[in-house]
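So the structure is just underneath, and the comments pick up after that.
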Amino acid sequence: MWRVNVHCNGDAWKQSGADFKTMTENYQLELIGSQKMPDETRIMAYKMDDISEVETFIEDCTKFSGFTADFESL
């Protein structure tokens, strides 16, 4: 199991949030945490099983301007 952490600023979310949500539908993942910070920064955590899918998901996340992603073992 892997935890994927995705971060973006408020402007990036306003610009690409809908497209990001649509992109996540292409993956087998579970949203395990989501926070909207006072400065509009978004932090989302997903649980995924397959490491190769994790790597592809991270690549797709970072295609959106202002989005960053990392992962860790659960």
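Rule-based calculations on the coordinates, nothing more; no lab input. Computed from a predicted structure; not experimentally measured. As a convention, Cβ positions derive from the backbone with ideal geometry for all residues, glycine included, and neighbour counts pool all protein chains shown.
Assorted remarks:
- Of residues in the stretch 44-69 being of a type in the set (A, V, I, L, M) and not in a strand (DSSP E or B), the one surrounded by the most Cβ atoms within 10 Å (Cβ to Cβ): Val54
- Scanning the stretch 18-43 for residues that are surrounded by 12 or more Cβ atoms within 10 Å (Cβ to Cβ) and either among the basic types (Lys, Arg) or in a helix (DSSP H, G or I) (or both) returns Phe20, Met23, Thr24, Lys36, Arg42.
Every residue, every condition in (1) within 17 Å of Lys14 (Cβ to Cβ); (2) in contact (Cβ under 8 Å) with a residue 60 or more places away in the chain, yes or no:
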residue: Pro38; (1), (2): yes, no
residue: Ser52; (1), (2): no, no
residue: Thr56; (1), (2): no, no
residue: Glu59; (1), (2): no, no
residue: Ala69; (1), (2): no, yes
residue: Glu72; (1), (2): no, yes
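- Enumeration of residues in the stretch 5-51 that are of a type outside the set (Lys, Arg) and in contact with a helix residue (DSSP H, G or I) (Cβ under 6 Å, 6 or more places away or on another chain): Val6, Met23, Tyr27, Glu40, Met48
- Test: residue in the stretch 8-17 that is surrounded by fewer than 16 Cβ atoms within 10 Å (Cβ to Cβ), in a strand (DSSP E or B) and either on the phi > 0 side of the Ramachandran plot or of a type in the set (A, V, I, L, M, F, W, C) (or both): no
- Met48 touching an Asp or Glu at 6+ places or on another chain (Cβ under 7 Å) and in contact (Cβ under 8 Å) with a residue 24 or more places away in the chain: no
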